[in-house]
């Protein structure tokens, strides 16, 4: 290891040390984090005791509880009725509806019991229900002395009735749990016309006298088992997770592919339980100071994943504490989420991995606006994708034409290149040098046929991300495809048979895409005189991709099929009517007579080859 390398490593280590010291939390932040964590741990411990008591109480009457178990069981019963002396309380439901949303509320816990999206159906035609009572939990936990108070056990009271919004006015339903006339917990829900957003407010009035004085936090417990409403639950699971966002940062998520958990050491702007095309979210800037979340994969066919969160909220011992929030229950429609602000649209990915830096802006500023513009005038998404493909191919036509002209020039020069290859077969360095001279004299850029094609790759990559996440395509039929957001199957293998790396069905759009890809490979081989292993790789590669694309959305494979078809037509048309190889050959011969004017690229390439040749000679001398 040389001196410069050692110096560089030392400097990097010093910078990392300084950075870590600079970013260490202050003593005040550490204390606050510890209090929050202690609060969560206390909730968990008491919840475990309560669960044990409930389990013990379900044993047969002949079983006897220990003294400690009996005490815990009694404490749980006392806590459940802490805010109500009504022993005959029972669960009642109210609904809040507008033209897009139906929300069912329950007085037990004063929470949202179920959500139905009116403008959407499941893949089998049923009402689109995001979650229901049996698959969801929502409650607040705090302490009075050593007693745990869980609002999920309390029966709230309301004087409101179910509401249906038909005009322009909003409407509210208010639930209260009374300790006394001036001591209560209040939860208020507000529905607005045409909106997937539900206004929500939690108010604690006069509870400063019963909440433990050293308790500076409340804990929100939120859990949902997301119901599957899509054609394939595996696709739904692949796009489902807990998403969240810190202020002034991009949105983050837990693992999409496996069980995961994470802690939130700082304040959140929002948190979302997101599945493929829909999500339930709480938008509450500066409300949740810390917390944690967990996502677990469900193995059945009813539920997608189980998502849960414990969110810490600050509590000040004042007479009144109010926490304004908003719920969002609705579709993952990029433009609609974008209007909500706070980067909420980032739960809809427009790029992935290392390709995000160019795929995201292409989708955001070009493909999506064009797609939505066409959507305003055309109600068939198959036709929209067709027109979109034509527009993209027209825009890229100049680049395609340059690529084909460059390929034609290389084809014309091939006999002379073969002569050089034979002449200098024992000296590859000299061959490369003479080849560059030939290119320079002929005015040919050897990379001229590659670079324009590379420019098209970002567009193909952008489509690869966009179409699987576009809710506009959900349940939209076209030709034999019943749902453009899922694969198009013309035949399912019998008896649950499945081929490795392929699947249990045959996608016709994928087959058409593969065939056209092979036809394109034939054209490319002819134009560029590709032989040997490279020629066969062009044919094998589309077949290798057949298994991957067989399970992708029909909209995507349909687009790639159209892209290939128009590419073949353009190649044929340009080659037949716009490229004259004899004229190109004559022009090349004319260029050879002139003093070649080297481009910067050619000059650098020749210089690099000279250095390689010199280094090779030096090694041979040694």
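The values are calculated or read from the model by the stated rules, or taken from the named source; none is laboratory data. The shown structure was predicted, so the numbers you read here are calculated from the model rather than taken from an experiment. Quick reminder, even Gly has a Cβ in these numbers, built from the backbone with ideal geometry, and neighbours come from all protein chains shown.
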Problem - Any hit, region 108-128, residues being modelled with pLDDT of 90 or more, over 30 Å from residue 232 (Cα atoms) and not in a strand (DSSP E or B) - result: yes
Fill in the blank from the handout: Note on region 104-128: residues surrounded by 16 or more Cβ atoms within 10 Å (Cβ to Cβ), within 27 Å of the chain's Cα centre (by Cα) and either farther than 14 Å from residue 224 by Cβ or not assigned by TED's automatic domain parsing to the domain that holds residue 176 (or both) are 116, 117, 120, 123, 128
Practice task
Tell me the strands (runs of 3 or more DSSP E) entirely within region 212-301 that contain at least 3 residues that are under 16 Å from the mean Cα position of the chain (by Cα) and assigned by TED's automatic domain parsing to the domain that holds residue 470.
Solution key: none
Exercise for the section: Looking only at region 243-252, decide whether some residue is crowded, with 23+ Cβ neighbours inside 10 Å, over 30 Å from residue 485 (Cα atoms) and modelled with pLDDT of 90 or more. Expected result: no
Exercise for the section: Output the residues belonging to region 193-202 that are part of a strand (DSSP E or B) and surrounded by fewer than 17 Cβ atoms within 10 Å (Cβ to Cβ). Expected result: 199, 201
Exercise for the section: Have a look at 563, 549 and point out the one that is in contact with a helix residue (DSSP H, G or I) (Cβ under 9 Å, 6 or more places away or on another chain) and over 16 Å from residue 403 (Cβ atoms). Expected result: 549
Fill in the blank from the handout: Being free of Cβ contacts under 8 Å to residues at least 40 places away in the same chain and more than 30 Å from residue 212 (Cα to Cα) narrows 99, 169, 181 down to just 169
Completion exercise
How many residues of region 158-170 are surrounded by fewer than 18 Cβ atoms within 10 Å (Cβ to Cβ) and assigned to a strand (DSSP E or B)? The answer is 1
Exercise for the section: Answer yes or no: is there a residue in region 320-337 that is assigned by TED's automatic domain parsing to the domain that holds residue 263, surrounded by fewer than 17 Cβ atoms within 10 Å (Cβ to Cβ), modelled with pLDDT under 90 and over 15 Å from the mean Cα position of the chain (by Cα). Expected result: no
Exercise for the section: Restrict the check to region 488-497 and report whether at least one residue is closer than 30 Å to residue 346 by Cα and modelled with pLDDT of 85 or more. Expected result: yes
Problem - Every residue from region 129-157 that is assigned to a loop (DSSP other than H, G, I, E, B) and surrounded by fewer than 21 Cβ atoms within 10 Å (Cβ to Cβ) - result: 132, 145, 146
